[in-house]
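A quick write-up on the structure given underneath.
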Amino acid sequence: MNTIRRFQEDVYLRECRAKVTGLTEKDGKCQITLNQTIFFPTGGGQSCDVGTIDNLPIIDVYESDDEIFHVTDQLNHGLSIGDEVEIAIDWAHRFDNMQRHCGEHILSGIFFELYGGVNRGFHMGEEYMTIDISLEEKPEFDKISWEMAKEAELRTNQAIWSNLPVITRHFDKREDAENLPLRKALAFDEDITIVCVGATSNPADCVACCGTHPSTSGQVGMLKIYKVESNKGMFRIYFEAGQRAFTQYQARFDVLTTLENKLSAGFGDLLSKYEAQQEKAKESRNELYHLKKSVIMREISDIKASLTPAFVKKYDKLAINDILDIGKELKGLIPTIAFLVHQPSNTVLLFSDQYDCNKLVKENADIYGGKGGGNKNSARAIFSKAEYVDTFIDLIEKHLR
């Protein structure tokens with residue numbers, strides 16, 4: 001028995017009664033079929049409805065061979081074939097999908113109208129939606145710039161604010177559906193559903209679609225484009241619609257307000273103050289770089305003048321990479337071995353022209369719970385406690401006498 005799709009008759013129907021027509025176990029879950037359902041199955045880029053069947057959680061809904069399967073992870077469900085059950089969808093989830101999917105329709109229709117862009121891919125993700133637009137119908141356009149995207153965004157929101165009717169029509173045959181002003185050619189010959197936003201004489205969008213949509217475009221609320229990027233010869237548009245777009249707007253506005261407060265700026269001069277801060281930071285980094293180079297060169301000079309066998313020096317201000325630069329400049333000058341210690345991390349850097357530093361670390365560091373390695377001329381040993389640093393250095397010194 002094929003499932004009657006009540007969601008095609010009324011997308012606002014949130015609950016109804018139905019009869020269980022099948023119960024099967026698959027992958028540790030129960031698959032329930034009903035004589036009728038208000039649950040929309042995954043399809044057309046849209047996620048399925050979730051909800052309950054007699055208070056059993058429905059976590060997935062899919063279609064196969066004209067049947068709709070409702071999946072629950074409750075194997076001890078207590079249902080039997082022929083039972084009459086109460087089914088209910090999660091309305092917040094359904095309406096979220098309706099807002100987002102209808103917003104995508106309008107945006108795709110506007111890209112087609114303005115730039116001859118054909119939607120060749122649609123994804124409704126958790127963080128954002130994407131459409132892949134192929135510029136095919138108007139040869140004067142070979143790319144989608146940010147300004148073009150902003151114009152499409154404005155036109156889309158104007159269609160939303162106009163509160164246009166959203167009409168879903170079902171057709172048995174292709175020739176009947178093709179009388180409508182479709183923006184994309186039909187891919188099948190029968191059982192066709194067309195969604196039209198606005199009057200058929202001048203629609204914001206008109207295309208085949210099996211998803212759920214609100215009855216008017218105004219219920220979408222708003223749409224916001226986030227980004228445009230090239231993708232496999234097309235242009236991927238990142239965007240959001242409905243309450244999700246509003247929530248994203250709130251979050252981003254909060255960040256903007258925080259930045260304004262931190263920089264003592266208003267919206268009008270926020271960018272200029274940020275750029276001024278960046279310039280100051282760049283100058284500070286440049287000044288610090290040259291100052292550090294001067295300190296390192298002076299340190300190298302001082303060490304060269306005072307090198308002794310088993311030389312040890314500790315640093316608490318310089319970074320490990322700075323200490324490595326010092327050690328590299330000592331190559332060919334070290335009588336036996338030099339230990340340069342980065343105190344904050346309890347790291348001993350070994351440098352030698354005569355002994356295998358990597359071997360010394362590998363054979364001795366783990367005695368004190370250390371670890372590390374390197375190469376013949378330089379290596380490092382890292383310890384959990386500062387006292388192990390001196391003990392390790394003392395051990396190596398005695399080993400090399």
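The values are calculated or read from the model by the stated rules, or taken from the named source; none is laboratory data. The structure presented is a predicted model; accordingly, all values stated were derived computationally and were not measured. With ideal geometry, Cβ positions are generated from the backbone for all residues, glycine too; neighbour counts draw on all protein chains shown. Areas reflect the complete protein model, heavy atoms only, side chains present, ligands, DNA and RNA absent. Shrake-Rupley method; radii C 1.70, N 1.55, O 1.52, S 1.80 Å.
The heavy atoms of K398 offer some 120 square angstrom of accessible surface to a 1.4 angstrom probe.
Taking each residue as 0.36 nm, the span from S215 to K262 lengthens on full extension beyond its C-alpha to C-alpha distance by 12.5 nm. Pairs from the table (K293/K362; K328/K359; K29/K232) lying more than 27 angstrom apart at Cα are K293/K362; K29/K232.
With protein chains left intact and a 1.4 Å probe, residues in segment 342-389 average 51 Å² of accessible area per residue. Pairs of Cα atoms under 8 Å, at least six residues apart: use those to get the relative contact order of the chain, whole percent. Relative contact order for the chain comes out at 10 percent.
These residues, H399, H105, H93, H170, go from largest to smallest accessible area, 1.4 Å probe, as H399, H170, H93, H105. Place a point 7 Å from Cα of S80 in the direction of its Cβ. Which residues in segment 26-41 have their backbone N less than 16 Å from it? Hits in segment 26-41 for S80 at 16 Å: none. The peptide list 155-162, 182-189, 32-39, put in order of mean Cβ contacts within 10 Å with the highest first, becomes 32-39, 155-162, 182-189.
Straight-line cross-link reach from K262 at under 26 Å between alpha-carbon atoms covers these lysines, not counting any fewer than eight positions away in the same chain: K273, K280, K282. A straight Cα-to-Cα reach below 20 Å connects K173 with the lysines K184, residues fewer than 8 places away in its own chain not being considered. With 0.36 nm allotted per residue and the present C-alpha distance subtracted, the S162-T308 stretch has 44.1 nm of extension available. Model label sites at R120 and R17, defined 7 Å from Cα along the beta-carbon direction, differ in position by 5.2 nm. Annotation: V389 carries an accessible surface of approximately 10 Å², with a 1.4 Å probe and no ligand, DNA or RNA atoms counted.
For the chain, the direction-averaged projected area of the alpha-carbon convex hull comes to 32.0 nm². In the context of the full set of protein chains, segment 249-338 has a per residue accessible area of 72 Å² (1.4 Å probe).
Within the full protein context, the accessible area of K26 is estimated at about 110 Å² for a probe radius of 1.4 Å. Extension gain for N364-S64 works out to 101.4 nm (0.36 nm per residue, less the C-alpha to C-alpha distance). Solvent-accessible area of segment 193-259 (1.4 angstrom probe, protein heavy atoms only): carbon and sulfur portion equals 56 percent. Ordered by solvent-accessible area of protein heavy atoms (1.4 Å probe), largest first, the residues E104, E136 come out as E136, E104. Taking the convex hull of the alpha carbon positions in segment 73-130 and averaging its projected area over all directions gives 6.9 nm². Short-range pairs are left out: with C-alpha atoms under 8 Å and at least six residues apart, the relative contact order of segment 1-132 is 24 percent.
Here each label is just a point 7 Å from Cα along the line to Cβ, and for W91 and W146 those points are 4.1 nm apart.
With a simple spin-label model that places each label point 7 Å from the Cα along the Cα-to-Cβ direction, the separation between A185 and D27 comes to 3.5 nm.
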